[in-house]
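Below is one structure, written out as structure tokens; the observations come after it.
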Amino acid sequence: MTKAGTGMSRARRRLKETLTGLLFVAPALVGFLVFYLLPTLRAVQISLTDWNLMRAPKFIGLANYAKLLGDENFWHSAWVTLAYVLYNIPIQTVLGLLLAVLSDRLARAVSLRAVIIAPYLISNVVAALVWLMMLDPILGLVNGFLEIVGIGRQGFLASPDQAMVSVAAISTWRHTGLTALLFYAGLQAIPRHLYEAARLEGAGEWTMFRRITLPLLRPVLAFVLVTSLIGSFQVFDVIAVATAGGPSNSTRVILWYIYENAFKFNKMGYASAISVVLFVTLILVTLLQMRLLKADQSDLT
């Protein structure tokens, strides 16, 4: 066979492989285009208009974005969202890592991992309803227990000072199991001979965790932090069911503020502008987070 014939055969094989690969990714690609990319582009377009859903959109340029700068409610919702992230992410990550390490070192039973992941299998709405009843100031089981031990009843979701902490606790309870499972999977990929060699050198558990476990878990840690951060900025279900942004706007997160502007005040253009700002913010924060984690990884190596 000539070189030209061999080259044509390779080209056909590569084309066939490419078409096969595109065929496999086509469902996901179509879903991404229809449910993510096109709505995002449409939201950017709507953000440049004044539209109340009752009449045709009116193009106003960047007026909605300029309005954001002086909107006290927007900045309040941004700070409330940031508070939720700071409450949720560190505790969820630390607890998930602790549960994963304990499961890996002390007990590897499948039943234990099933118990840990169980809360994540409950939908956000159901979890919010259950905790709404359990944290009720009058009839809730949690307050009943606190009264028995002499602490006294707490407002929890009904208190402006405790509502956001309570919402963050509910989310942490639900998502810590998934975080632990991801860390556990990462731990299984660490070669066991590294720990054995460290023990022979006299290293303790804390030293092995700091020098072996944590550095080799950096890829999983990066994934957990990025996905948790994006999810935390988009908290909505628990807020909608448990607090509806209250009491006294103490849980009025940015996604709830978008919902209010779009479907309560009929300011679809302004709500879209806030959505675009949130989208861009998440991209920038994610890139910054990945860069910092990459820098830490380089320092360790």
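The values are calculated or read from the model by the stated rules, or taken from the named source; none is laboratory data. Since the model is a prediction, treat every value here as computed from it, not as a measurement. Every residue, glycine as well, gets a Cβ built from its backbone with ideal geometry; the counts of neighbours run over all protein chains shown. Heads up: the accessible areas ignore ligands, DNA and RNA and are worked out on the full protein's heavy atoms, side chains in. Shrake-Rupley method; radii C 1.70, N 1.55, O 1.52, S 1.80 Å.
Restricting attention to region 144-156, which residues are assigned to a loop (DSSP other than H, G, I, E, B) and surrounded by fewer than 14 Cβ atoms within 10 Å (Cβ to Cβ)?
Result: Val149, Gly150, Ile151, Gly152.
Among the candidates Thr227, Thr286, the residue that is part of a helix (DSSP H, G or I) and open to solvent by 50 Å² or more (accessible area, probe 1.4 Å) is uniquely Thr227.
Can you go through Leu141, Leu181 and tell me which one is open to solvent by 50 Å² or more (accessible area, probe 1.4 Å) and under 17 Å from the mean Cα position of the chain (by Cα)? The unique qualifying residue is Leu181. From the set of residues in region 234-283 that are among the aliphatic types (A, V, I, L, M) and surrounded by fewer than 14 Cβ atoms within 10 Å (Cβ to Cβ), which is farthest from the chain's Cα centre (by Cα)? By that ranking, first place goes to Ala244. All of (1) over 18 Å from Tyr257 (Cα atoms); (2) touching a helix residue (DSSP H, G or I) at 6+ places or on another chain (Cβ under 8 Å); (3) open to solvent by 50 Å² or more (accessible area, probe 1.4 Å); (4) hydroxyl-bearing (Ser, Thr, Tyr) hold for Tyr36 with one exception: (2). Remark: pairs (first residue in region 227-248, touching a residue at least 12 places away in the same chain (Cβ under 8 Å); second residue open to solvent by 10 Å² or more (accessible area, probe 1.4 Å) and in a loop (DSSP other than H, G, I, E, B); Cβ separation under 6 Å; 6+ apart in sequence or on different chains) = Gly245/Arg252; Pro247/Pro160; Ser248/Pro160.
Restricting attention to region 194-201, does a residue exist that is among the aromatic types (Phe, Trp, Tyr) and either closer than 29 Å to Ile239 by Cα or open to solvent by 60 Å² or more (accessible area, probe 1.4 Å) (or both)?
Initial filter on region 194-201 (among the aromatic types (Phe, Trp, Tyr)): 195.
Filter again for either closer than 29 Å to Ile239 by Cα or open to solvent by 60 Å² or more (accessible area, probe 1.4 Å) (or both), leaving none.
No - not one qualifying residue is present in region 194-201.
For beta carbons closer than 6 Å, sequence separation of 6+ or different chains, a first residue in region 151-168 that is touching a residue at least 40 places away in the same chain (Cβ under 8 Å) and more than 10 Å from Thr243 (Cα to Cα) and a second that is among the aliphatic types (A, V, I, L, M) and open to solvent by 20 Å² or more (accessible area, probe 1.4 Å), there are no qualifying pairs.
I'd like the full set of residues that are within 16 Å of Val126 (Cβ to Cβ) and surrounded by fewer than 21 Cβ atoms within 10 Å (Cβ to Cβ), limited to region 161-176.
If the condition is that a residue be within 16 Å of Val126 (Cβ to Cβ) and surrounded by fewer than 21 Cβ atoms within 10 Å (Cβ to Cβ), then Trp173 is the only one that fits.
Within region 41-74, the set of residues being among the basic types (Lys, Arg) and under 14 Å from Asn261 (Cα atoms) comprises just one member, Lys67. If you filter region 111-126 down to residues that are of a type in the set (S, T, N, Q) and in a helix (DSSP H, G or I), you find that the one that is surrounded by the fewest Cβ atoms within 10 Å (Cβ to Cβ) is Ser111. Looking only at region 127-139, residues that are under 19 Å from Ala244 (Cα atoms) and part of a loop (DSSP other than H, G, I, E, B) come to 3 in all.
So, of the residues in region 78-109 that are among the β-branched types (Val, Ile, Thr) and either open to solvent by less than 80 Å² (accessible area, probe 1.4 Å) or modelled with pLDDT under 90 (or both), which turns out to be farthest from Thr176 (Cα to Cα)?
First, the residues of region 78-109 that are among the β-branched types (Val, Ile, Thr): 80-81, 85, 89, 91, 93-94, 101.
Of the ones still in play, those that are also either open to solvent by less than 80 Å² (accessible area, probe 1.4 Å) or modelled with pLDDT under 90 (or both) are 80-81, 85, 89, 93, 101.
Values: Val80: 21, Thr81: 19, Val85: 14, Ile89: 10, Thr93: 7, Val101: 13 Å.
Applying the filter and picking the extreme gives Val80.
Considering the conditions (1) closer than 30 Å to Arg105 by Cα; (2) in contact with a helix residue (DSSP H, G or I) (Cβ under 6 Å, 6 or more places away or on another chain); (3) not in a helix (DSSP H, G or I), Arg252 is excluded by exactly one of them, (1).
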